[in-house]
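Input: a single structure, listed below in structure tokens.
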Amino acid sequence: MPRGSKNPFGRKSIHKKGSPQAAQNASAAASGGGALAKPAGPPSSFATNLITNNKKGEMAMVPKADGQRASSSTFRNFKSVELVKLPALKDTPPKDKPELFIKKVRQCNALFDFTEAVSELKSKEIKRAALNELIDYVTNNRKVITEAVYPEVVNMFAINLFRTLPPPENPSAADFDPEEDEPTLEAAWPHLQLVYEFFLRFLESPDFQPTLAKKFVDQSFVVQMLQLFDSEDPRERDFLKTTLHRLYGKFLAMRSFIRRSINNIFYSFVYGNLRHNGIAELLEILGSIINGFALPLKQEHIKFLMTVLIPLHKPKSLSVYHPQLAYCVVQFLEKEPPLTEMVVTAIFKLWPKVNSAKEVLLLNELEEILDVIEPEEFVKIMQPLFAKLSACVGSAHFQVAERALYFWNNEYLMSLVHENSKHVIPLVFPTLYKTSKMHWNKAIHTLVFTALKVFGSMNQPLFDECSAKYKKMQEAEEKKLEDRASVWKKLEAQAKKNPLAKSIEIPNPKMPTPMPEVIMKVPSTGVAKRDKDGADDSDDSILRRKSQLPRDPATMSALEDYAKTTEHHLT
């Protein structure tokens with residue numbers, strides 16, 4: 001990062017992002033397994049291998065063939081590298097294994113172009129074998145991670161993975177259907193997967209010491225890793241999710257910074273471009289983090305709930321990450337039940353007007369909240385809750401009405417309703433009764449009758465009272481309409497008795513011109529029928545005919561020639 005430039009996280013970056021070409025040149029020097037050199041400069045500056053003579057750090061674009069999906073590998077400039085196979089670690093004397101281990105790690109700094117399937121096959125296989133050997137060595141051996149290994153491993157991870165992602169293949173995440181659309185896959189995944197696995201085994205090793213690693217895994221490293229969550233390859237996002245979770249568990253001093261960095265991604269998503277591929281994975285990480293929050297919750301965590309998680313209900317792409325979002329919200333309410341009223345009220349404010357699919361998602365989340373709600377908190381929200389459920393039951397969209405009526409199958413919710421039936425039943429009964437008579441879907445009728453039956457068995461006297469009140473209300477409404485019609489008739493009769501009524505002509509309001517009635521008749525058989533008077537009774541005259549256009553001799557000739565040519569090709 002150039003001196004004087006501002007870091008969005010308020011701290012100077014130690015890790016500098018340079019040209020991938022420089023990374024290739026630096027890794028090529030170590031690819032032959034030369035003499036082991038002592039790392040120069042500060043331990044945390046693994047980016048020394050990324051610094052190049054190219055001041056601008058430009059990246060060459062590899063042209064994409066027609067129909068080929070974009071990959072971040074196409075945004076790297078690769079230099080041909082010939083790797084030399086190093087001896088196996090298991091066949092090396094113990095005293096030489098540390099040096100050979102670092103040589104193999106450096107050898108894995110070499111980058112290859114996977115858009116060319118048949119290029120550098122030998123070197124690609126050597127790197128793949130070296131990565132597999134490193135994974136096995138770190139997993140099955142102890143006391144192999146020395147202080148000199150940390151900068152080399154972090155450097156190798158950064159060179160292979162920290163890159164510029166390609167433009168999105170799916171600009172709008174809301175239009176992406178995981179069941180029908182194919183995600184954009186990373187072409188270099190055969191090597192990237194092994195790099196992720198090796199780094200995870202490195203972090204999970206009993207020999208790993210966070211006090212030594214914190215010199216190299218700093219805030220800039222975390223920021224660059226978070227940028228990779230926007231990758232369109234779901235396999236990479238899954239590895240990133242696991243890797244970031246391990247870093248959060250190992251580096252206690254960086255936990256607050258990691259949470260703030262994730263919050264900034266959410267802020268950018270909600271109030272910015274509304275497009276990010278890794279929201280679901282980041283929420284999944286936060287779900288496990290929220291589960292470990294100590295009680296009582298800090299004000300910082302409550303602010304995160306209300307300013308980050310609640311606004312995430314607003315974007316159109318909610319369906320992509322809603323299960324993870326609902327889990328995070330429920331985790332908060334399990335730890336701090338008094339927040340229930342505030343959260344439910346905020347969700348109701350964001351309730352969609354015409355998006356039925358989103359309504360179903362929010363109803364699902366609402367039921368998950370009700371599964372963990374405390375009785376005293378239910379009393380606070382039951383009025384707005386059943387007002388919203390009543391509106392959903394009366395929805396013309398049968399899926400919304402059906403999902404709302406499924407709440408009556410929730411035993412815990414019905415037990416809470418039973419304790420507060422005198423407030424709930426009068427609120428919902430009119431909508432249930434009206435829906436049972438007027439909804440177009442028969443399945444909804446069945447569910448409504450079930451809900452009415454539940455209320456009847458819950459408090460029969462109150463149910464009968466509500467039924468009687470509703471019938472009286474209907475009769476009063478009908479009487480009101482009749483009274484209104486009779487009043488207008490009386491006014492009209494009195495107006496006609498007025499002596500001036502005949503001299504003042506009040507024209508009737510003009511009605512829209514009615515459309516002519518179209519009567520379709522059976523086409524004629526071609527035989528003219530005549531009645532007994534000799535008139536032509538054929539129905540040919542009622543058939544619609546094509547417009548008679550003047551014929552052009554040249555056009556007719558060209559059409560005949562075209563027909564002959566087509567017939568010749570077909571035969």
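The values are calculated or read from the model by the stated rules, or taken from the named source; none is laboratory data. In this text the structure is predicted, and so the values were computed from the model without any measurement. Glycine also receives a Cβ, built like all others from the backbone with ideal geometry; neighbour counts cover every protein chain displayed. These accessible areas exclude ligands, DNA and RNA; they are computed on the full protein's heavy atoms, side chains included. Shrake-Rupley method; radii C 1.70, N 1.55, O 1.52, S 1.80 Å.
Among the listed pairs Lys303/Lys349; Lys314/Lys442; Lys380/Lys442; Lys437/Lys479; Lys143/Lys215; Lys358/Lys380, those whose Cα-Cα separation exceeds 23 Å are Lys314/Lys442; Lys380/Lys442; Lys358/Lys380. If the segment from Leu274 to Glu334 were pulled out straight at 0.36 nm per residue, it would be longer than the present Cα-Cα gap by 18.7 nm. Between Thr345 and Arg484, full extension at 0.36 nm per residue minus the direct alpha carbon distance yields a gain of 46.0 nm.
For the pair segment 431-508 / segment 200-240, the C-alpha centres are spaced 66 Å from each other.
Given a 1.4 Å probe and the protein chains as shown, Trp351 ends up with an accessible area of around 20 Å². With the whole protein complex present, Lys97 retains an accessible surface near 40 Å², based on a 1.4 Å probe.
Spin-label model, Gln224/Lys95: points 7 Å from Cα along the beta carbon direction are separated by 3.7 nm. For Arg128, the accessible area of its heavy atoms, probed at 1.4 Å with every protein chain present, is near 90 square angstrom. Size check on segment 275-378: the Cα extents along the three principal axes, sorted descending, read 37, 31, 20 Å.
With a 1.4 Å probe and all protein chains in place, put Phe239, Phe112 in order of accessible area, largest first.
Phe239, Phe112
Using a ≥ b ≥ c from the Cα gyration tensor of segment 207-327 (square roots of the eigenvalues), is it rounded, prolate or oblate, where a/c under 1.5 gives rounded and otherwise the larger of a/b and b/c decides, a/b for prolate? In terms of gyration-tensor shape, oblate.
For segment 216-264, the percent of C-alpha pairs falling in each 10 Å distance bin, counted from 0 to the bin holding the largest distance, reads 25, 60, 15, 0.
With a cut-off of at most 10 other beta carbons within 10 Å, and DSSP calling the residue loop, which GluC sites (Glu not before Pro) in segment 99-146 qualify? Please list them.
Here no loop site has a sparse enough neighbourhood.
Multiplying the residue separation of Asn291 and Asp136 by 0.36 nm and removing their Cα-Cα distance gives an extension gain of 52.5 nm. First measure r as the distance between the Cβ atoms of Lys214 and Asn264, then evaluate 1/(1 + (r/R0)^6) with R0 = 25 Å and state the FRET efficiency to the nearest 0.05. So, using R0 = 25 Å, E works out to roughly 0.70.
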